[in-house]
Every structure is written in C-alpha cells, then in structure tokens.
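Coordinate-derived values only; no laboratory data. A quick note: this is a predicted structure, and the numbers were derived from the prediction, not measured. Cβ sites come from the backbone with ideal geometry, for glycine too, and all protein chains shown count toward neighbours.
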Amino acid sequence: MGETLQLDRIRCDGHGLCAELLPEMIRLDDWGYPIIRAGEVPASLVEHARRAADACPVLALRLVRSANGRLRPVA
C-alpha cells in the first residue's frame with residue numbers, strides 16, 4: 001500500500017509552489033504547470049508530499065493512498 005500524487009489539471013493555476021516544496025517528484029513545464037513523476041511517493045518523501053499538497057492554493061494537488069487497487073485521499 002503506497003501513496004501517490006494526483007493533480008487536477010483543470011483546477012491548477014500554475015502557481016508552482018508544489019515544485020518548490022517537492023522538487024524530487026515535481027517539475028514545471030515551460031508554462032509553469034507541474035509535471036508529476038509517475039509512481040509511488042518514496043517513504044522518505046511522504047511528509048514533503050503532504051506539505052506540498054496542503055500548500056496548494058487552489059487544492060489541485062492531492063496525496064492519495066492505494067489500497068486494494070483503489071485510490072483514496074490521505075487524511
């Protein structure tokens with residue numbers, strides 16, 4: 001059971017704060033929108049990923065937990 005980052009591309013305004021807080025998993029494209037590295041968040045970065053998701057000003061980034069093949073938000 002791991003955690004992954006999900007981005008709501010419609011909601012995202014391209015503030016770039018997530019990439020500043022989690023450069024190991026998020027980079028910005030030429031227009032300043034995030035590109036999320038595929039796969040699970042390494043255990044050593046989960047707390048940083050949670051902070052990046054919590055800091056998103058438009059709530060476009062979420063940390064979700066995979067359990068039995070289903071994704072659900074991490075509280």
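In a simple Cβ point-charge model (Lys, Arg +1; Asp, Glu -1; nothing else charged), the chain has a dipole of about 340 debye relative to its Cα centre. Build a GNM of the chain with springs between Cα atoms under 10 Å apart, and of 50, 27, 11 the one that fluctuates most is 11.
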